[in-house]
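Data block below; observations after.
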Amino acid sequence: FHGIISREQADEILAGVEGAYILRESQRQPGCYTLALRFGNQTLNYRLFYDGKHFVGEKRFESIHDLVTDGLITLYIETKASEYISKMTTNPIYEHIGYATLLREKVSRRLSRTKNESRKASVTSEENTPVEKITSLVRRAALTQNDNHFNYEKAHNFKVHTFRGPHWCEYCANFMWGLIAQGVRCSDCGLNVHKQCSKYVPNDCQPDLKRIKRVYCCDLTTLVKAHNTQRPMVVDSCIREIEARGLKSEGLYRVSGFTEHIEDVKMAFDRDGDKADISASIYPDINIIAGALKLYFRDLPIPVITYDTYAKFIEAAKISNPDERLEAIHEVLMLLPAAHYETLRYLMIHLKKVTLHEKENFMNAENLGIVFGPTLMRPPEDSTLATLNDMRYQKLIVQILIENEDVLF
């Protein structure tokens, strides 16, 4: 650290020493610090920040030395290979026909390997250049060939990641450079790519069950793709159980089961998935199963009626003309992600069956709308006032969906 000195003085100190750096306090803004770094026969100045770690951009470092090391690597790569980097995404191996074909040939023996075997497969690009790829691409090729796979579109859930040792981008097949945070990894399927390449990766994430730690609180599309089901297994299992022994239960969905028992069901699904036992011998009170189903919908990070469509549904509900309102609701339904639409459709068919036993269970479409409105749709902003103002429209939307499920779906 050299105290308050000018850019010119920093340049004199660093002159002729490539890769050298000093820290200085700004003359113009006392209390602000600058990293002066010598690279390419010139002194580069970066505003330096600290929030527990040092940073000049997105990456944060434990020490200034690590920051400079990573910076020099990045500067060198970008200087020496800028033209190449700009062309990296123009012919990605990810979408390479020859590459995909070779992957398919390896799928059957690949999937039979044990967990302890290497997670890399050698393939050859069109130019016959050997390239090592990670298992997630092999899984994607295998699942594409699976006729039973429900082909819901899902965006990758990319998070900045620090790779240990040399690593390669699974989109462009090029080296990931840097000391830390060299690229991003999809936390659902494990796809590893450059940050710039992540903008071009299609919405074809195939979540890996090994990465899905729970059933509740898991994104709906992620869960159904990981389990290769049309709908979340919680929804199927609970509705199957309720329709088998609970349709005539008084106050179904309105009467609460014991909270601790509902939590037990939740843990059973998180632990055992579709093998969870929710039969009458374990949970004789059907309200526990109904409560577990409602809890699943409440716990979704993105509601069944998504944040993106929430305002459109509320506006549709405000239309006074019944025919126009029904048409508007139908149009918004078409905007739901496929897995959300299918789950909502299945639930509405079930709730319609519940209303057919109104004489026994005293639950009509309006009553179910009161119960399921706030459960299936929540405003994007966490506002109590907005929720209170919209409650009657939430109820109305669900009521209309139940009464007109045969028309709307």
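No lab work stands behind these numbers, since they all come straight from the coordinates. Everything numeric here is computed off the predicted structure, so don't read it as measured data. Cβ: placed from backbone, ideal geometry, glycine included. Neighbour counts: every protein chain shown.
Of all lysines in the structure, the ones whose alpha carbon falls short of 26 Å from that of residue 213, not counting any fewer than 8 places away in one chain, are 115, 120, 133, 154, 159, 195, 225, 266, 275, 294. With all pairs of different C-alpha atoms in the average, the Kirkwood value for the hydrodynamic radius of the range 231-374 is 16.2 Å.
Counted over the range 307-407 with a bin width of 10 Å, the fraction of Cα pairs per bin, in whole percents, is 16, 49, 31, 4. Protection proxy ranking for 185-198, 154-167, using the average of other Cβ atoms within 10 Å per residue and placing the highest first: 185-198, 154-167.
Contact order for the range 7-87, expressed relative to its length and based on alpha carbon pairs under 8 Å spaced 6+ residues apart, stands at 18 percent. Take the convex hull of the alpha carbons in the range 28-69; its mean projected area over all directions comes to 3.5 nm².
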